[in-house]
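For reference, the structure is listed below as structure tokens.
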Amino acid sequence: MSSNGRQRGGAGGAGKGASGYPAPVRALIERFSELPGIGVRSAERLAFHVLKSDETGALALANAIIEVKKSVRHCRVCFNLSDSDMCSICADPGRDRTRVLVVEQPKDLIALEQTGMYRGLYHVLMGRLSALDGVEPEDLTIGSLLARVRDSKGVIEEVVLGLNPTVEGDGTGLYLAQVLGELGVSVSRLARGLPSGSSLEFANKAVLADAILGRQSMGGGS
Ligand SMILES: [Zn+2]
């Protein structure tokens, strides 16, 4: 048994264990092992699940993947997932257009939205700044956020930072507070009910609701 951790799957092939399979099975195992968090063993299990399932089930899975790639895109305003040009939140005339809550990923937006405590708009960064992974401001939707605030001509009064309480989330928040502050918009962040190193996505509704209500100013505005 090797001591250097888990076997690598992915592009290099699905490991020695998969080499005895017919090519289509090998290809399926390789595809599965490219998914996040799926090692070669899990990929094999998934491939066998597909082999065992009837044709209807297998086609439904394949079609769900095709449908998602064909019809789901990012909202042109906030980058939330959407099946049309503008997402249902941006298109909703009942939302408070003076506030924009910034999150890292669409799944964070969904977690916050499920609390029912926030009636403003969102902006999805599509990641966070990371020196280690070489993620710079240009790699995220920060430029679009700044343009949104600028082009709103004062309609957007407050930007609420809802980044995950991690070192990189905090760093991204500080950067955003600085560049947004230069535009004169008020910047706040969600209250720290969330344990450090955790993620919004897994926080319970009550904690998220408290975080929204108890947000703290990071300066800017008047
Ligand atoms: Zn949107």
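Couple of notes before you dig in:
- Ordered by the number of other Cβ atoms lying within 10 Å of each residue's own Cβ, fewest first, ARG99, ARG26, ARG119 fall into the sequence ARG119, ARG26, ARG99.
- Of ARG95, ARG31, ARG76, the residue with the greatest mean-square motion in the GNM of the chain, using alpha carbon springs below 10 Å, is ARG31.
- Residues whose amide H falls under 5 Å from that of VAL102, counting only those 5 or more places apart or on a different chain, are HIS123, VAL160, LEU161, GLY162, with hydrogens built in the peptide plane.
- For the chain, the share of DSSP beta bridges that are antiparallel, to the nearest 5, is 30%.
- Calculated FRET efficiency for the pair GLU138/LEU61, C-beta based, R₀ 25 Å, to 0.05: 0.10
- Region 18-71, relative contact order [Cα under 8 Å, separation at least 6], %: 23
- Part-to-part distance (alpha-carbon centres) for region 64-90 and region 103-137, which is given in Å: 15
- GNM flexibility winner over the chain from LEU200, LEU146, LEU81 (Cα, springs under 10 Å): LEU146
- Between VAL207, VAL68, VAL40, the residue with the greatest mean-square fluctuation in the GNM of the chain (Cα pairs under 10 Å linked by springs) is VAL40.
Throughout, read-outs are computed from the coordinates displayed, never taken from laboratory work. The structure displayed is predicted, hence computed values, not measured ones. Glycine gets a Cβ as well: all are built from the backbone with ideal geometry, and neighbour counts include every protein chain shown.
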